[in-house]
Amino acid sequence: MSQLHTQDASPESLGAARARCSPASAALRSAVRGFALFMHVSGLNAVRRRLSKALLGPRLIVLAYHRVNDFASDTSRYTVSPAQLDAQLAHIRKAYRVISFAQALQMRAEPQRAADAAIITFDDGYRDNYTCAAPILRKHGLGACFFLPADCIVSAADQGEAQAAPDHLARMTSEQAKALYDMGFELGAHTRSHPYLLQLPPDAAREEIVGSRQELEQRLGVAIPYFAYPGGKKGVHYSAELARTAAEVFEVCCTTTRGRNSIRTMDTLEVRRICVQSWWSLFHFARELEGTFDLLGRLPALWQ
């Protein structure tokens, strides 16, 4: 399988394909853009940020990425192009202190010394995280945590059928995952086979959580203290009982519940994340990090 991330479609046509949505969602996106522009130009966003910091203290922003490529076959709205990632990381580096989960736990223990910070994460263990995202992260001198589904991360010699997967769906090998760790990146578990846990019998769901850490640590020979729920929505993809199971095994557990985390009060076992989408402009991306859309976060159709 080719390791090259060459473009087989123009950036304009690829961006349009990934941004495609229903007329209703398109109208909502336009409204979101207008809202963001109004808040920014009017100065209300700056006022809101100051009030938020005074009331809630420093914030931890956790970004969730998935795939990074220019393949025309990949039209997911959760796939960003290398150029998008490069521009977004340049903004993050200028605007925030990017930290690791290990540093976040230390900040949580000493909130009086905390300041606004960001963590970058990647879900699902796609190969382009290693071949494309990691070099861009290193270019900007930024760390990240990669959440890996244990059963999908096997040695190059054992990949077999996975080699037949489309380029954009190929998973990284265990050798590549270990290389990420050796570069200084953090690794986390994303269950064993990436199921929605509430669709499984309780014992099977527990094994997906507990077994993922055991399997990854055995295969990679490194500690795996962090976890992200597939799907990530409480009551839809996982339950309070499963969260208690995860808390027995992991130090940090990530959800996909939108929003930023107050360092003073955040629950490290249900960390909120912002799932980055391909249709966002850099202006929109910056407003997401600032919390401009926090009041709109309960309108799920807005983000489709």
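Can you find, within region 159-181, the residue that is surrounded by the fewest Cβ atoms within 10 Å (Cβ to Cβ) among those that are of a type in the set (G, A, S) and modelled with pLDDT of 95 or more? Spell out how you get there, then give the answer.
First pass over region 159-181, keeping only residues of a type in the set (G, A, S): 160, 162, 164-165, 170, 174, 177, 179.
Remaining after also requiring modelled with pLDDT of 95 or more: 174, 177, 179.
Values: S174: 23, A177: 24, A179: 14.
Selected residue: A179.
Is it the case that H194 is assigned to a helix (DSSP H, G or I) and surrounded by 14 or more Cβ atoms within 10 Å (Cβ to Cβ)? Steps first, please.
Numbers: assigned to a helix (DSSP H, G or I): no; surrounded by 14 or more Cβ atoms within 10 Å (Cβ to Cβ): yes.
Spelling it out, it is not the case that H194 is assigned to a helix (DSSP H, G or I) and surrounded by 14 or more Cβ atoms within 10 Å (Cβ to Cβ).
Within region 217-226, does at least one residue satisfy the condition of being within 18 Å of the chain's Cα centre (by Cα) and of a type in the set (D, E)?
Within region 217-226, none of the residues are within 18 Å of the chain's Cα centre (by Cα) and of a type in the set (D, E).
Among the listed residues G232, G211, identify the single one that is within 30 Å of R48 (Cα to Cα) and out of contact with any Leu (no Cβ under 7 Å at 6 or more places or on another chain).
G232
The rows are residues; the columns are (1) in contact with a Lys or Arg (Cβ under 9 Å, 6 or more places away or on another chain); (2) at pLDDT below 95.
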{"position": "F147", "(1), (2)": "no, no"}
{"position": "I153", "(1), (2)": "yes, yes"}
{"position": "A157", "(1), (2)": "no, yes"}
{"position": "P195", "(1), (2)": "no, no"}
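Got at least one residue in region 218-227 being surrounded by 15 or more Cβ atoms within 10 Å (Cβ to Cβ), at pLDDT 95 or above and assigned to a helix (DSSP H, G or I)?
yes
The values are calculated or read from the model by the stated rules, or taken from the named source; none is laboratory data. Keep in mind that what you see is a predicted model, and the values were worked out from it rather than measured. All Cβ positions, glycine included, derive from the backbone under ideal geometry; neighbour counts span all protein chains shown.
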